[in-house]
C-alpha cells in the first residue's frame, strides 16, 4: 500500500469516528468534539494529497489552514451557544433541550 492510501485510510477512520460520535453522543460538547474529529480527518486528507501528489504543496497547506480556521470559528460559536444553553436551562444534553413547550415558549 502506498503512503497516500494509508493517509487516506487514517483520515477515513477519523471521519468515521466523528460520524459515530455525532450519532451516539447526547451532550453538546460531545457533538462538538465529534465534528472537530471530522474536520481533522478532512484536513489530514488535504495535506496528504498535496504532499504526496504532484500538486503544489502550498495549495494543500493553505487549504488545511482554511479548514483549521473553519474549525476554530465553529468551535468558538458552538461553545458560546453551549454556555448560553447551560445558563438558561441548567443542562446541555440534547434530550432535554430538543423540544419546545408551546405553553411556556421555552425549550425543555
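Looking at (1) modelled with pLDDT under 90; (2) under 20 Å from residue 8 (Cβ atoms), can you tell me which one residue 71 breaks?
In the conditions (1) modelled with pLDDT under 90; (2) under 20 Å from residue 8 (Cβ atoms), residue 71 misses (1) alone.
Among the numbered criteria (1) within 30 Å of residue 95 (Cβ to Cβ); (2) outside any helix (DSSP H, G or I), which one does residue 54 miss?
The failed condition is (1).
Any chance segment 65-73 includes a residue that's outside any helix (DSSP H, G or I) and without any contact (Cβ under 8 Å) to a residue 60 or more places away in the chain? Break it down into steps so the answer makes sense when it comes.
Just the residues of segment 65-73 that are outside any helix (DSSP H, G or I), to begin with: none.
Checked segment 65-73: no residue is outside any helix (DSSP H, G or I) and without any contact (Cβ under 8 Å) to a residue 60 or more places away in the chain.
Write out, first by first residue and then by second, each pair whose Cβ atoms fall under 7 Å of each other, whose residues are 6+ apart or on separate chains, and whose first residue, in segment 1-13, is touching a residue at least 12 places away in the same chain (Cβ under 8 Å) while the second is exposed (fewer than 12 other Cβ atoms within 10 Å of the Cβ) and in a helix (DSSP H, G or I).
Listed pairs, sorted by first residue: none to list.
Would you be able to say whether some residue in segment 19-28 is over 22 Å from residue 93 (Cα atoms) and surrounded by 14 or more Cβ atoms within 10 Å (Cβ to Cβ)? Before the answer, list the steps.
The initial filter retains those residues of segment 19-28 that are over 22 Å from residue 93 (Cα atoms), namely none.
The answer is no, given that none of the residues of segment 19-28 is over 22 Å from residue 93 (Cα atoms) and surrounded by 14 or more Cβ atoms within 10 Å (Cβ to Cβ).
Pull up segment 77-108, narrow it to residues that are touching a strand residue (DSSP E or B) at 6+ places or on another chain (Cβ under 6 Å) and part of a loop (DSSP other than H, G, I, E, B), then point me to the one that is modelled with the lowest pLDDT.
Only one residue fits best here, namely 108.
The values are calculated or read from the model by the stated rules, or taken from the named source; none is laboratory data. Because the structure is a prediction, the values reported are computed rather than measured. Virtual Cβ from ideal backbone geometry, glycine too; neighbours counted across all protein chains shown.
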